[in-house]
1. So for the stretch 64-72 (the condition being farther than 30 Å from ALA276 by Cα and out of contact with any helix residue (DSSP H, G or I) (no Cβ under 7 Å at 6 or more places or on another chain)), does at least one residue qualify?
2. Out of the stretch 100-124, which residues are under 24 Å from the mean Cα position of the chain (by Cα), outside any strand (DSSP E or B) and either of a type in the set (A, V, I, L, M, F, W, C) or exposed (fewer than 12 other Cβ atoms within 10 Å of the Cβ) (or both)?
3. Inside the stretch 286-301, can you point out the residues that are more than 14 Å from LEU83 (Cα to Cα), outside any loop (DSSP other than H, G, I, E, B) and not aliphatic (A, V, I, L, M)?
4. Of GLN254, GLN283, which residue is touching a residue at least 12 places away in the same chain (Cβ under 8 Å), farther than 17 Å from THR87 by Cβ, under 13 Å from the mean Cα position of the chain (by Cα) and in a loop (DSSP other than H, G, I, E, B)?
5. Those residues that are surrounded by fewer than 15 Cβ atoms within 10 Å (Cβ to Cβ) and either touching a Gly at 6+ places or on another chain (Cβ under 9 Å) or part of a strand (DSSP E or B) (or both), I need them from the stretch 266-280; list them, please.
6. So, in the stretch 68-99, exactly how many residues are more than 27 Å from LEU206 (Cβ to Cβ) and either loosely packed, with under 15 Cβ neighbours inside 10 Å or not charged (D, E, K, R) (or both)?
7. Which one is surrounded by the fewest Cβ atoms within 10 Å (Cβ to Cβ) among residues in the stretch 125-156 that are assigned to a strand (DSSP E or B) and in contact with a helix residue (DSSP H, G or I) (Cβ under 7 Å, 6 or more places away or on another chain)?
Amino acid sequence: MSRRLVSVQQSNQQIRPGQSSLASQYAGPLQTDADLQRNTKYSETFLPCQILTFNSNQRILGTISNATYSWPRTISEVFALSLKSLTIPNTFPNVPVAQTLSINQGGAHSVTVPVGAWTININQGTLTYTFVNANPGINLGDLSWFLLRGFGGLLTSIAADPTTGLFTWTWAASTTSTSSTAVMKFFGFSGAQSGSTWTATTPINLSGPLLIAIASPELSAFQFGSGLTQNQTYICSAPNNTTFGQILLHEPKQQVANKYNYPRTISQFSIQLIDAATNNLLQASVDYQIELCAFLRKTPQ
């Protein structure tokens, strides 16, 4: 990210009266990490941080992934923000956008994979339409089973290579794809396909979001202490090592504070959950809790 990140960790040094402030020093040469650590956490300018807790079920506006909150009173002199912890149930679909596969096999046909949490079994061997059709009502969330059912015999089998994770599709007759390149890439193909056998070049990616960014639109009006002209909305990010249905628990071993060039007042605040890979809002369906540390500046005596 383009703004300056200030690391917060233990130190026994302080800025003394008369020393230049962190904000003014940004106009000159960039400081070392040690300077940033001393200036942020142990400056006499700062008080211990105030914990701001966001429970999405207490939002006043918006959705779980794009929620707005307010406080009974304003919080003044906020000089920096950092993530303390987050608890987010992984209810994010690994197919966030519906994928429609269109083909021509003696006429136009299409099957749409809806938004959802899908699975695919690379150890399935060769799965045939005959077998799938004889076993209705099972493996409804498996992508191979869904496609074979959806094409109703036009697609006769899908074979998986467990070593490479690649799939080979066999059609009942010569078949031409008519979907966009983006859709074909979702299914593992490099582009348009034709013939009775289609061989994928990449595995189908059903991993879901791997890095969750926490953002707030209000921050776009805050000027970060980096001296950069372009402001950001991002507060932090958290790696997602959970699968669908699990709970992501994250507490950074080292807090990283986003420092502003002068104190701000906060009365209303929005929290957005974003897929860092696509920059799109995540689709969450279960409430979360996020804790932020708001570093406050002392009022001059």
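Each value in this text was obtained by applying a stated rule to the coordinates, not by laboratory testing. This structure is a prediction, so every number in the text was calculated from the model and none was measured. Ideal geometry is used to build each Cβ from the backbone, glycine not excepted, and the neighbour counts take in all protein chains shown.
1. Yes - at least one qualifying residue is present in the stretch 64-72.
2. Residues satisfying the conditions are VAL115, ALA117, TRP118, ILE120.
3. Across the stretch 286-301, the qualifying residue is only ARG297.
4. GLN283
5. SER267, GLN268, ASN280
6. Final tally of qualifying residues: 16.
7. By that ranking, first place goes to THR156.
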